[in-house]
Amino acid sequence: MQDGRAPRVKNRAPAAVQITAEQILREAQERQEPTFRAPKQRVEDFEELSEYQGRKRKEFEERIRRTRGNIREWLQYANWEASQNAFDRSRSVFERALDVDPRSIQLWFSYTEMELKSRNVQHARNLFDRAVTLLPRVDQLWYKYVYLEELLRNIPGARQVFERWMQWEPDDKAWQAYIKMEGRYEELDRASAIYERWVGVRPDPRVWVKWAKFEEERGKVDKAREVFQTALEFFGDEEEQVEKAQAVFGAFAKMETRQKEYERARVIYKFALERIPRSKSSGLYASYTKFEKQHGTRSTLENTVLGKRRIQYEEEVAHDGRNYDVWFDYARLEEGALKELRDEGATVEELDAATDRTREVYERAVAQVPPGGEKRHWRRYIFLWLDYALFEEIESRDYDRARQIYQTAIKLVPHKQFTFAKLWIMFAKFEIRRLDLPVARKILGAAIGMCPKEALFRGYIELEVELRDFDNVRKLYQKYLEFDPSNSAAWIRFAELEAQLQDFARTRAIFKLGISQTPLSMPELLWKAYIDFEIDEGERDNARELYETLVRQSGHVKVWISYALFEGEPIPVPRAEREEEEEDEEEEEVKMAPGNTTTARQVFERGYKDLKGRGLKSERVALLETWKTFEESHGTPEDVAKVQAMMPIVSKRRHVDQETGQTVEDWDLVFADDEREANPTSFKFLQMAHAWKAKSAGAGATESGVRGALAGFVSSSNKSANDQNMDEDDEESDAASSRADDDED
């Protein structure tokens with residue numbers, strides 16, 4: 001308890017004797033000390049009463065003398081005098097207090113309450129009259145004054161009090177109280193006149209709406225319409241005033257809807273929505289949408305939804321002007337509205353207005369230029385210009401404006417840093433659609449000269465190909481390859497073009513020039529295209545020469561496989577030897593020159609030796625698998641068995657890791673010929689051991705062949721089938737692996 005904290009409770013077990021909350025409260029009540037109570041005085045005669053009153057008056061006078069400004073003391077004094085039925089003395093005290101503080105509202109309330117309790121009504125009226133004259137801005141005094149007059153059934157007097165009050169232009173509650181009083185006594189014309197005076201003093205939209213609603217409720221619909229029309233004339237047609245009068249428009253339309261004047265209501269909604277900014281009329285749009293859902297047609301409902309979506313897009317672009325996805329959606333919305341109007345057969349004025357709205361959206365969108373000079377910020381933005389130009393060309397058919405849009409977009413893009421090929425190409429295609437081919441070529445030529453780019457070359461070449469101007473295509477390909485000589489795709493397309501034009505000498509020259517380029521991106525594509533071209537032409541010697549060159553340069557396993565399959569498969573005869581096509585409807589098949597399986601096997605063997613010499617085991621497996629498939633299709637069972645015998649064996653070897661010093665087991669591919677050359681003695685011994693094991697197990701030795709030369713090894717092509725025998729052969733595999741390691745050392 002030294003630091004003021006509660007003592008720590010160590011024993012949390014429940015007490016042996018339990019008490020209830022009720023018992024605790026009872027004991028606390030019993031132990032409270034009795035409060036001091038003043039003794040009661042009993043007055044036996046008038047002399048004692050006079051003495052008591054004199055003593056109290058002396059005490060009160062002494063207290064108000066000391067604290068003259070304390071209104072509470074005055075109120076206690078005056079109320080005590082009233083309790084003694086000395087009303088004259090009480091009035092005297094109140095008047096003396098009013099001399100001290102005539103603006104004390106509490107004092108006036110107590111004074112009038114004292115008079116009313118004593119049923120001095122005329123005195124109370126005089127007091128209220130003095131109070132509201134002195135404090136005309138205190139609404140509670142007026143309310144009590146009016147209540148007094150109405151309680152006394154003095155309605156003209158109450159009306160006179162209200163008239164005096166209204167001259168001070170009080171708040172809306174006072175006007176409402178005056179109107180309600182007239183309504184209680186069925187003085188509706190007087191209430192309407194009060195509304196008229198109210199809107200003259202405070203012409204707020206809600207006051208106009210209340211007045212019109214009052215007229216509608218008492219059955220004067222024409223008067224209600226007149227009130228709304230007067231309100232709309234008062235606010236005028238300015239944007240700010242119309243925005244302020246949204247409540248008037250909404251109430252006016254709802255009243256017409258209740259009167260089943262749907263066309264009137266629709267006109268009112270449209271009139272307001274055309275003049276109020278879209279971002280500030282969401283509530284009115286919601287009411288209009290609800291109205292159209294209930295009483296409108298399909299077209300009017302769609303227009304309402306369209307307006308609502310406009311408001312949503314305006315809010316989003318106001319929040320983030322560079323959110324180009326919103327601008328795309330906004331522009332598509334306006335274009336869709338224009339198409340619907342055109343399909344419905346709208347008037348020229350309506351179509352022009354819709355077109356102007358779409359143009360306005362596009363102009364506002366393209367004005368949001370991306371910051372900085374990074375292309376990633378411009379990727380979405382540039383499509384706004386393209387869509388704008390297409391809209392002017394297709395929908396508006398304003399071709400001069402579309403051309404101007406393209407030119408402005410091209411001037412805006414910083415071409416020294418980056419460019420957009422799509423922009424140039426679409427501008428050129430636009431000029432072609434306008435039948436101005438020279439201008440289109442100038443545009444693309446300027447683009448290539450200013451900012452050469454692969455997409456620009458491709459687009460320009462495709463354009464010239466469609467125009468069948470192959471001389472220009474050749475020139476463009478030459479410039480393209482001068483710009484980027486390492487582009488394999490460009491070389492391939494150039495060669496394919498010449499092949500389509502039946503200029504095979506030029507095609508070969510292009511291919512040769514292409515493969516001679518030292519920095520070449522994806523050269524395998526170019527080599528493959530060149531080889532495929534020679535195969536299609538039936539030039540097996542040329543293709544073989546290309547394969548030889550390629551295996552010398554790369555030596556990749558795929559090249560060897562493709563080379564071998566090429567030698568074994570038939571190809572078309574040379575073009576010079578092909579027979580001319582007959583003029584019959586059915587075309588004859590191209591004659592094929594058969595392949596040479598012997599040459600193919602030689603290529604497989606060369607490839608196997610080359611990969612073996614470089615120590616590429618997985619590539620050798622891939623080559624053997626393809627070789628085996630080839631022999632199954634073209635060779636004899638002996639050839640298949642020969643290739644199968646060359647298949648590797650998966651071995652589990654154990655060795656000591658130099659870093660950790662622990663024994664590690666690894667799977668390794670072991671080829672029979674490698675093992676035979678490295679360890680001939682152990683290979684022969686293990687071959688005999690495996691033959692004995694296969695014979696004892698009842699397996700055919702001829703079926704396993706050389707494939708089971710090493711005990712404990714599993715063929716890579718048959719590993720999954722022999723996994724269940726790995727545990728039985730584990731000891732022999734370890735012996736063979738250790739013996740092989742000793743021989744290598």
Failed item in (1) in contact (Cβ under 8 Å) with a residue 60 or more places away in the chain; (2) closer than 30 Å to Glu462 by Cβ, with Val557 passing the rest: (2)
Do you know which residues across region 656-670 are over 54 Å from the mean Cα position of the chain (by Cα) and open to solvent by 70 Å² or more (accessible area, probe 1.4 Å)? Val656, Gln658, Gln662, Thr663
Taking the condition of being part of a helix (DSSP H, G or I) and within 20 Å of Arg575 (Cβ to Cβ), how many residues in region 493-504 meet it? 7
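When you check Asn79 against the structure, is it open to solvent by 70 Å² or more (accessible area, probe 1.4 Å) and in contact (Cβ under 8 Å) with a residue 24 or more places away in the chain, yes or no?
Working: open to solvent by 70 Å² or more (accessible area, probe 1.4 Å): yes; in contact (Cβ under 8 Å) with a residue 24 or more places away in the chain: yes.
Yes; evaluated as a whole, the condition is true for this residue.
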Scanning region 103-131 residue by residue, those free of Cβ contacts under 8 Å to residues at least 12 places away in the same chain and either of a type in the set (Asp, Glu) or on the phi > 0 side of the Ramachandran plot (or both) turn out to be Glu113, Arg119
Would you mind stating whether Val473 is assigned to a helix (DSSP H, G or I), open to solvent by 30 Å² or more (accessible area, probe 1.4 Å) and either β-branched (Val, Ile, Thr) or in contact (Cβ under 8 Å) with a residue 60 or more places away in the chain (or both)? no
Within region 176-184, is even one residue in contact with a Leu (Cβ under 8 Å, 6 or more places away or on another chain), aliphatic (A, V, I, L, M) and part of a helix (DSSP H, G or I)? no
Test Leu98 against the stated conditions and say whether it is hydrophobic (A, V, I, L, M, F, W, C), loosely packed, with under 14 Cβ neighbours inside 10 Å and closer than 22 Å to Arg72 by Cβ. no
Which members of region 37-76 meet the condition of being at pLDDT 80 or above, open to solvent by 80 Å² or more (accessible area, probe 1.4 Å) and assigned to a loop (DSSP other than H, G, I, E, B)? Arg68
Kindly evaluate Thr507 against the criterion of being assigned to a helix (DSSP H, G or I) and at pLDDT 80 or above. yes
State whether the residues of region 16-36 include one that is β-branched (Val, Ile, Thr), within 60 Å of the chain's Cα centre (by Cα) and open to solvent by 70 Å² or more (accessible area, probe 1.4 Å). no
Here are some conditions: (1) in contact with a Lys or Arg (Cβ under 9 Å, 6 or more places away or on another chain); (2) of a type outside the set (A, V, I, L, M); (3) modelled with pLDDT under 80. Glu314 meets all but one. Which one does it not meet? (3)
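Would you point out which residue out of Ala191, Ala286, Ala231 is assigned to a helix (DSSP H, G or I), among the hydrophobic types (A, V, I, L, M, F, W, C) and in contact (Cβ under 8 Å) with a residue 24 or more places away in the chain? Before the answer, list the steps.
Working: Ala191 fails: in contact (Cβ under 8 Å) with a residue 24 or more places away in the chain; Ala286 fails: in contact (Cβ under 8 Å) with a residue 24 or more places away in the chain.
None of the other options fit; the residue is Ala231.
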Is it true that Arg96 is within 27 Å of Ile64 (Cα to Cα) and in a helix (DSSP H, G or I)? yes
Sort through Glu226, Glu163 and tell me the only one that's closer than 24 Å to Ala131 by Cβ, free of Cβ contacts under 8 Å to residues at least 12 places away in the same chain and either part of a helix (DSSP H, G or I) or of a type in the set (Lys, Arg) (or both). Glu163
Output yes when any residue across region 357-379 is without any contact (Cβ under 8 Å) to a residue 12 or more places away in the chain and over 29 Å from the mean Cα position of the chain (by Cα), and no when none is. no
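May I ask you to list the residues in region 178-210 that are charged (D, E, K, R) and surrounded by fewer than 18 Cβ atoms within 10 Å (Cβ to Cβ)?
Taking region 178-210 and keeping what is charged (D, E, K, R), we get 180, 182, 184, 186-187, 189-190, 196-197, 202, 204, 206, 210.
Answer for region 178-210, where residues must be charged (D, E, K, R) and surrounded by fewer than 18 Cβ atoms within 10 Å (Cβ to Cβ): Lys180, Arg184, Glu186, Glu187, Asp189, Arg190, Glu196, Arg197, Arg202, Asp204, Arg206.
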Considering region 335-356 alone, what residues qualify as being open to solvent by 60 Å² or more (accessible area, probe 1.4 Å) and under 24 Å from the mean Cα position of the chain (by Cα)? none
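Residue check: is Glu215 charged (D, E, K, R), over 13 Å from Phe291 (Cβ atoms), surrounded by 14 or more Cβ atoms within 10 Å (Cβ to Cβ) and under 42 Å from the mean Cα position of the chain (by Cα)?
Numbers: charged (D, E, K, R): yes; over 13 Å from Phe291 (Cβ atoms): yes; surrounded by 14 or more Cβ atoms within 10 Å (Cβ to Cβ): yes; under 42 Å from the mean Cα position of the chain (by Cα): no.
When the stated conditions are applied, Glu215 does not pass them.
The values are calculated or read from the model by the stated rules, or taken from the named source; none is laboratory data. Please read all numbers here as calculations on a predicted model, not as lab measurements. A quick note on method: Cβ atoms are made from the backbone with ideal geometry, for glycine too, and the neighbour counts reach across all protein chains shown. Side chains are part of the model used for accessible areas, which takes the heavy atoms of the whole protein and leaves out ligands, DNA and RNA. Shrake-Rupley method; radii C 1.70, N 1.55, O 1.52, S 1.80 Å.
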